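Heads up: the structure comes next, in structure tokens.
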Amino acid sequence: MNPRVAFTPEAKALMDELRAFHGPIMFHQSGGCCDGSSPMCFALDDFKIGQVDVYLGDVDGAPFYMSSSQFEYWKHTHLTLDVTPGRGSSFSIEIPTGKRFMIHSRIFTDQEMAELPEPPQGKQH
Amino acid sequence: MSTTLFDRPTLKADYGNYIGGKFVAPVDGHYFDVTTPTDGTVITKVARSNSKDVELALDAAHAAYATWKHSSVTERSNMLLKIADIVEANHHKLAAIETLDNGKSIRETINADVALVIDHFRYFAGVIRAEEGSVSELDQHTVSMNIKEPVGVVAQIIPWNFPLLMAAWKIAPALAAGNCVIVKPAEQTPVGLSVLMELVGHLIPPGVLNIVHGFGPEAGKPLAQSSRVHKVAFTGETTTGRLIMQYASENLNPVTMELGGKSPNIFFKSVMDQDDAFLNKCVEGAVMFALNQGEVCTCPSRILVHEDIYDAFMERVIARTKAIKMGNPFDTNTMMGAQASEDQFNKILSYIKIGQEEGAELLCGGAPAELDGDYSNGYYIQPTILKGHNKMRVFQEEIFGPVVAVTTFKTTEEALEIANDTLYGLGAGVWTRDSHELYQVPRAIEAGRVWVNCYHAYPAHAPFGGYKQSGFGRETHLMMLNHYRQNKNMLISYDKNALGFF
């Protein structure tokens with residue numbers, strides 16, 4: 001189990017729908033304007049992972065990354081990948097479905113933080 | 001203020017793409033429903049384009065460029081002026097459509113969005129008439145001459161927060177510089193630009209300005225990736241910004257990026273030295289986080305206030321925030337409208353929740369706004385103030401909603417440290433009566449635009465763009481012209497004699 005990112009059954013259902021069409025997929029957590037702060041989903045390797053990205057583990061088999069600078073402000077929170085209705089913008093591949101991936105967050109307990117390993121940087125898949 | 005209730009605009013049943021000077025149906029015949037965030041209902045259908053439609057637009061743009069690149073400055077300037085005149089003649093019509101499309105209040109679309117669209121077209125019409133190239137005599141026999149040439153066919157990907165204005169920011173300089181343009185509007189807010197083309201399309205030679213609607217992964221991606229595009233301009237978030245730069249790198253194409261911010265709005269102790277008109281302006285300046293429902297890249301979403309004035313100042317800010325009138329966005333008395341889409345609505349609420357879990361104190365708002373009647377199904381959120389510290393996620397991430405995070409500082413050094421402790425550097429506000437602070441503090445802030453004793457003003461003629469992860473390029477100014485142009489240097493020798501090397 002991924003200790004940093006969980007997912008809901010709705011997220012898994014949408015991931016399965018996307019994989020049926022696109023094959024393997026990946027996530028990169030965005031920041032900034034408009035649809036920033038939402039996770040972006042791409043066909044695997046359509047988005048180039050750099051050394052600046054950290055790997056937070058797989059989400060139902062799909063690797064989940066975030067830029068290390070952003071991770072500095074996010075590392076104390078546990079993330080759950082979920083789905084909301086809505087017409088998001090961006091190049092995320094679920095946009096045409098009329099559904100959008102989103103993130104719910106909760107604060108890690110002190111014990112959880114103590115047990116969490118540092119995530120590796122760079123491409124891990 | 002007396003109330004004026006604008007009629008909700010009626011739209012056509014569907015809008016195709018605008019390619020080669022006319023509206024055309026998408027090649028594969030697919031459309032998608034457009035809903036209005038004001039009440040969640042479907043208002044029209046818009047072309048769901050793919051790479052085939054993008055190729056058609058590229059064909060039209062390249063064909064047009066063969067002659068458009070020779071257009072005179074006068075011709076381009078006059079065209080932009082005529083566009084501005086028609087937008088002005090349809091000011092309220094376009095404002096109502098923008099309100100329907102995006103959800104924002106009509107008082108903002110009239111006084112900000114459409115008013116600035118008109119001004120931006122006129123500004124770029126004006127500056128190209130006054131511009132001159134440069135000539136240098138390098139020595140007695142050698143002259144260097146610089147002439148600006150358009151880059152060619154440019155792709156522009158427009159966000160949904162100011163659909164018409166962000167389009168104008170990009171279209172006006174690109175056309176002024178002599179390029180042909182393909183615009184991909186945001187899929188949440190595609191209507192305004194289609195209606196604009198109905199009004200002004202006849203002024204523009206066929207193929208010079210093309211609109212391709214559709215979803216980012218289906219229409220935006222082939223446009224940004226195309227080797228037939230010579231430049232890409234994008235406003236949006238950081239992951240898509242990186243992805244577009246990856247595509248551009250394959251073509252060695254230049255890009256300009258505007259990727260958001262987490263702007264500090266700093267209130268120094270002197271603002272409360274007097275209870276006067278200026279203090280009233282400062283309080284309004286703090287409440288500016290609610291402009292456009294907070295869906296602004298430069299939303300002043302972090303209030304930094306000196307600890308000595310915190311209680312007295314924030315009491316006024318909270319009172320003013322609670323007085324924000326929400327309601328029918330077509331009513332001129334409504335101050336704040338709907339969030340642009342359901343997913344944004346849910347994202348904003350999740351941030352209010354995580355903020356409180358991190359220990360932020362809720363000072364006001366914090367929940368959806370329940371509107372009556374027709375608008376009960378729209379996406380409305382109460383303006384919200386959270387008090388906390390700068391390491392919290394609500395201080396670091398762009399919520400893109402009417403949510404501000406407030407913290408205190410003791411010294412100017414601490415204010416600067418907090419202000420600059422962010423990944424972004426787009427906007428900032430500095431409020432003070434001290435003439436030294438109002439110069440020195442803005443200079444020390446790492447941001448492309450620092451408003452001093454004002455906020456959220458976007459006049460053409462003042463360049464706008466980001467430092468750090470907020471992107472690069474400077475819009476709303478003649479500087480943007482050079483992001484859409486090449487420099488042709490002609491190095492001319494007037495010496496008849498050989499060099500003597502060979």
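Worth a mention:
- Rounded to the nearest 20, the Cβ-based charge dipole of chain B about its Cα centre (Lys and Arg +1, Asp and Glu -1) stands at 1040 debye.
- Projected over every direction and averaged, the convex hull enclosing the alpha-carbon atoms of the protein assembly as shown yields 32.2 nm².
- Angle in degrees between helix B:115-130 and the longest Cα principal axis of chain B, rounded to the nearest 10: 40
- The B-A contact accounts for roughly 3800 square angstrom of buried accessible surface, both chains included, probe 1.4 angstrom.
- Solvent exposure of chain B as accessible area per residue, Å², 1.4 Å probe: 37
- Degrees separating the helix A:9-22 axis from the principal Cα axis of chain A, which is the longest one: 60
- Straight-distance candidates among the aspartates and glutamates for linking to B:LYS45, with alpha-carbon spacing under 20 Å and chain neighbours fewer than 8 residues away dropped: A:GLU94, B:ASP14, B:ASP28, B:ASP33, B:ASP53, B:GLU98, B:ASP101, B:GLU187, B:GLU198, B:GLU218, B:GLU342, B:ASP343.
- Segment B:23-91-segment B:301-316 distance, computed between alpha-carbon centres (Å): 46
- Within chain B, longest stretch free of exposed GluC sites (Glu not before Pro) [DSSP loop, at most 10 other beta carbons within 10 Å]: B:133-369
- Subset of A:LYS123/B:LYS52; B:LYS22/B:LYS104; B:LYS262/B:LYS410 violating a 25 Å alpha-carbon distance limit: A:LYS123/B:LYS52; B:LYS22/B:LYS104
- Using distinct alpha-carbon pairs, which all enter the 1/r mean, Kirkwood radius of segment B:264-452 in Å: 16.8
- Each listed q (0.10 Å⁻¹) maps to a log10 I(q)/I(0) for segment B:244-359 from the Debye sum over equal C-alpha point scatterers, namely -0.45.
- Folded to 0 to 90 degrees: helix B:310-322 orientation relative to chain B principal axis, Cα: 70
- Straight-line reach from A:LYS12: taking Cα to Cα under 20 Å and skipping same-chain neighbours fewer than 8 places apart, the lysines in range are A:LYS99, B:LYS347.
- Under a model in which nothing but the beta-carbon of Lys, Arg (+1) and Asp, Glu (-1) is charged, segment B:379-441 shows a dipole of about 260 debye around its Cα centre.
- Separation of alpha-carbon centers, segment A:1-42 and segment B:326-343, rounded to whole Å: 30
- For segment B:337-443, the calculated P(r), taken from all Cα-Cα distances in 5 Å bins from zero up to the bin holding the longest distance, is 2, 11, 20, 18, 17, 13, 9, 6, 3, 1, 0 percent.
- Normalised by 2.2 N^0.38 Å, where N is the number of residues, the C-alpha radius of gyration of segment A:5-115 stands at 1.03.
- Ratio of Rg to Rh over chain B (Cα coordinates, Kirkwood Rh, two decimals): 1.00
- Using only side-chain charges placed at the Cβ, +1 for Lys and Arg and -1 for Asp and Glu, the dipole size of the protein assembly as shown relative to its Cα centre rounds to 1340 debye.
- C-alpha center-to-center spacing [segment B:219-278, segment B:3-17] in angstrom: 30
- Here the Debye sum runs over all C-alpha atoms of segment B:104-160 as equal scatterers in vacuum, and log10 of I(q)/I(0) at q = 0.16, 0.27, 0.29 Å⁻¹ comes out as -0.79, -1.10, -1.12.
- Nonpolar atom fraction for segment A:5-115, defined as the carbon and sulfur part of the 1.4 Å probe accessible area, stands at 57 percent.
- For B:LYS391, a cut-off of 16 angstrom between C-alpha atoms picks up these aspartates and glutamates, skipping any fewer than 8 places away in its own chain: A:GLU72, B:GLU357, B:GLU358, B:GLU361, B:GLU414, B:GLU417, B:ASP421.
The values are calculated or read from the model by the stated rules, or taken from the named source; none is laboratory data. All values derive from a computational prediction rather than experimental measurement. Don't worry about glycine lacking a Cβ; one is built from the backbone with ideal geometry, like all the others, and counts go over all protein chains shown. What goes into the accessible areas is simple: the full protein's heavy atoms, side chains included, and nothing from ligands, DNA or RNA. Shrake-Rupley method; radii C 1.70, N 1.55, O 1.52, S 1.80 Å.
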